[in-house]
Each structure stands twice: as C-alpha cells, then as structure tokens.
Amino acid sequence: QVQLVESGGGLVQAGGSLRLSCAVSGRIFSGYAMGWFRQAPGKEREFVAAIKSRGGNTYYADSVKGRFTISRDNAKNTVYLQMNSLKPEDAAVYYCAAVVVYGNVLHEAAYDYWGQGTQVTVSS
C-alpha cells in the first residue's frame with residue numbers, strides 16, 4: 001500500500017514563501033515520478049510541477065515557472081515544493097502524486113497514487 005502525506009501548507013502573505021513536503025511510504029520511492037497539482041475552489045485540478053525518478057528532470061506549469069522549485073530526497077522518501085513570491089492566485093489545495101511507470105507526467109491521469117492535499121492560502 002503506497003501512502004502519500006503532504007504537509008507544510010498554511011496562510012502566507014502575498015510575496016511570501018512556503019515549502020510543501022510529501023512523504024511517501026510503501027514502495028521504493030526512488031523509482032517514482034512525483035508530481036504536484038493544485039485545485040482552487042470552483043476550478044479543476046491543475047498541474048504545478050513534476051520530477052522524474054531517473055535523472056530528476058523537472059517540469060513546471062508556466063504560471064509557477066521561476067517561482068516554484070520541485071525537488072526530491074530519495075534518502076528521506078520525500079518530495080518538496082518550494083514556493084516563493086506567492087500570489088493570491090496560488091491559493092489552492094495542493095496535492096502530491098506518484099507513479100512508477102509513467103507517461104506524460106504533466107497530466108493527472110498519469111498518476112496512480114495521491115495524497116490527501118494540503119491547503120495553501122495567500123492573503124493580498
């Protein structure tokens with residue numbers, strides 16, 4: 001059973017920073033591609049960032065490029081999302097996701113396992 005547990009969400013002022021963490025248990029973490037998605041009220045869930053297992057290639061949505069950084073620590077079975085220069089439009093529930101055999105990691109349909117989400121609120 002693979003479990004993903006996000007943490008690090010909260011309330012921050014616009015321009016501030018947060019670091020989200022996602023701890024993964026159940027299988028060999030280093031073999032997973034990991035992604036972060038978010039869903040704001042009344043909107044569909046959208047891709048934020050992803051990092052592959054081999055080589056650690058990273059991918060970002062245009063809306064967060066240059067402000068957010070995804071990284072992973074395979075020794076700690078954890079993936080991170082460092083969010084800087086936060087904007088009110090970044091407010092959402094953020095989900096991490098994992099997949100072993102992956103296709104297009106920018107699409108949520110590619111992922112097999114999901115966390116419960118963590119709330120990020122950005123005040124203007």
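The values are calculated or read from the model by the stated rules, or taken from the named source; none is laboratory data. Bear in mind that the values here come from a model prediction, so they are computed numbers and not experimental data. All Cβ positions, glycine included, derive from the backbone under ideal geometry; neighbour counts span all protein chains shown. With ligands, DNA and RNA removed, areas are computed over all heavy atoms of the protein, side chains included. Shrake-Rupley method; radii C 1.70, N 1.55, O 1.52, S 1.80 Å.
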Go through (1) of a type in the set (A, V, I, L, M); (2) touching a strand residue (DSSP E or B) at 6+ places or on another chain (Cβ under 7 Å); (3) open to solvent by 50 Å² or more (accessible area, probe 1.4 Å) and name the single condition Ala75 misses. (2)
Would you check if Val122 is touching a strand residue (DSSP E or B) at 6+ places or on another chain (Cβ under 9 Å), in contact (Cβ under 8 Å) with a residue 40 or more places away in the chain, of a type in the set (A, V, I, L, M, F, W, C) and surrounded by fewer than 22 Cβ atoms within 10 Å (Cβ to Cβ)? yes
What is the residue count in region 100-115 for residues that are open to solvent by 50 Å² or more (accessible area, probe 1.4 Å) and within 12 Å of the chain's Cα centre (by Cα)? 3
Mind checking which pairs have a first residue in region 95-108 that is assigned to a helix (DSSP H, G or I) and a second that is open to solvent by less than 50 Å² (accessible area, probe 1.4 Å), Cβ under 6 Å, 6 or more apart or different chains? Glu108/Phe37
Across region 81-90, what is the number of residues that are open to solvent by 30 Å² or more (accessible area, probe 1.4 Å) and of a type outside the set (Lys, Arg)? 5
Would you please list the contacts, defined by Cβ atoms under 6 Å and residues six or more apart or on different chains, that run from a residue in region 4-18 that is closer than 13 Å to Gly117 by Cβ and modelled with pLDDT of 95 or more to a residue that is assigned to a strand (DSSP E or B) and open to solvent by 40 Å² or more (accessible area, probe 1.4 Å)? Leu4/Tyr113; Val5/Ala23; Gly8/Arg19; Gly9/Gln119
Got at least one residue in region 61-68 being surrounded by 14 or more Cβ atoms within 10 Å (Cβ to Cβ) and touching a helix residue (DSSP H, G or I) at 6+ places or on another chain (Cβ under 6 Å)? no
Selected residue [surrounded by 12 or more Cβ atoms within 10 Å (Cβ to Cβ) and out of contact with any helix residue (DSSP H, G or I) (no Cβ under 7 Å at 6 or more places or on another chain)] from Gly16, Gly42: Gly16
Residues of region 42-57 classified as over 19 Å from Gly115 (Cβ atoms) and at pLDDT 95 or above, total: 1
